[in-house]
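Step one of this worksheet: look at the structure below.
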Amino acid sequence: MKNNMTAANLRSAYGGESMAYQRYKVWSKKAMDEGFKNVYRLFNAIAYAEEVHASNHFKAHKDLEGDFLVPSMAGFGIGNTSLNLDKAISGELFEVNEMYATYIKVAEFQQEEGAKKTFTWAREAEKIHADLYKEAKLAVDSGKDVSFNEVHICSVCGYTTVGPIPDKCPVCGADTTRFVTF
Ligand SMILES: [Fe+2]
Ligand SMILES: [Fe+2]
């Protein structure tokens, strides 16, 4: 870690992911209260993926110790599950299209390989999160729970799938034993 801008981006991403974790935990309970058990499971699983991202960003920043103010994008509010899914979708898309898209370019330019890797892993998962939340929102808006139930998360990179657990994580290459099921 040699460059200030990539370091600041790692801290901001760490802050954003940490708050996403908490926000999704709150929204998962709200989904449970409204009777959407699978949406509860989805928020809970994705919260864990964000925790994986936050800890990877934190570790990538390990050479720079100290106290820092951390600005990062954060959605606030507890609406109903449809509104919460809306906010979740826009947060994920912001990360995919703006935040990680540019953080990866900066890390590349500054030859910060560790940061580039953790940003890239996160961005790949966020694309899937946006799609899964969109599917959940369609179901909830028609008065139903989303149809998938088990959600599998790679504990190394946060890759997320509602299909079968892959032999090898398509993002980081970790084997099946590293997946956690919600
Ligand atoms: Fe996400
Ligand atoms: Fe992975």
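The values are calculated or read from the model by the stated rules, or taken from the named source; none is laboratory data. Just so we're clear, the structure is a prediction, and the values are computed from it rather than from any experiment. Cβ placement follows ideal geometry from the backbone for every residue including glycine, while neighbour counts extend to all protein chains displayed.
For the stretch 5-32, name all the residues that are buried (at least 22 other Cβ atoms within 10 Å of the Cβ) and of a type in the set (A, V, I, L, M, F, W, C).
Within the stretch 5-32, L10, A13, A20, W27, A31 qualify.
Consider H57 carefully, then state whether it is within 24 Å of Q111 (Cβ to Cβ), modelled with pLDDT of 95 or more and away from ligand 1 (no atom under 16 Å from the Cβ).
No: the conditions fail for H57.
Of all residues in the stretch 120-142, which are among the charged types (D, E, K, R), buried (at least 19 other Cβ atoms within 10 Å of the Cβ) and over 14 Å from the mean Cα position of the chain (by Cα)?
The one that is among the charged types (D, E, K, R), buried (at least 19 other Cβ atoms within 10 Å of the Cβ) and over 14 Å from the mean Cα position of the chain (by Cα): K137.
Select from the stretch 31-70 the residues that are within 21 Å of the chain's Cα centre (by Cα) and of a type in the set (F, W, Y) and list them in ascending order.
F36, Y40, F43, Y48, F58, listed by residue number.
Taking the criterion of being small (G, A, S) and either in contact with a helix residue (DSSP H, G or I) (Cβ under 9 Å, 6 or more places away or on another chain) or surrounded by 19 or more Cβ atoms within 10 Å (Cβ to Cβ) (or both), would at least one residue in the stretch 33-41 satisfy it?
no
Tell me which residues, restricted to the stretch 10-40, are part of a helix (DSSP H, G or I), over 24 Å from M99 (Cβ atoms) and in contact with a Ser or Thr (Cβ under 8 Å, 6 or more places away or on another chain).
Scanning the stretch 10-40 gives K30, A31, N38, V39, Y40.
Give the number of residues within the stretch 126-155 that are part of a loop (DSSP other than H, G, I, E, B) and farther than 20 Å from V96 by Cβ.
Residues that pass the stated criteria total 10.
Contact list please: Cβ distance under 8 Å, first residue in the stretch 143-158 and surrounded by 17 or more Cβ atoms within 10 Å (Cβ to Cβ), second residue among the acidic types (D, E), pairs at least six apart or on different chains.
Close Cβ pairs satisfying both conditions: V146/E135; C157/E124; G158/E50.
Just checking, which of K87, K117 is at pLDDT 95 or above, surrounded by fewer than 20 Cβ atoms within 10 Å (Cβ to Cβ) and closer than 15 Å to V156 by Cα?
K117
Give the number of residues within the stretch 163-182 that are crowded, with 19+ Cβ neighbours inside 10 Å and over 16 Å from N56 (Cα atoms).
2
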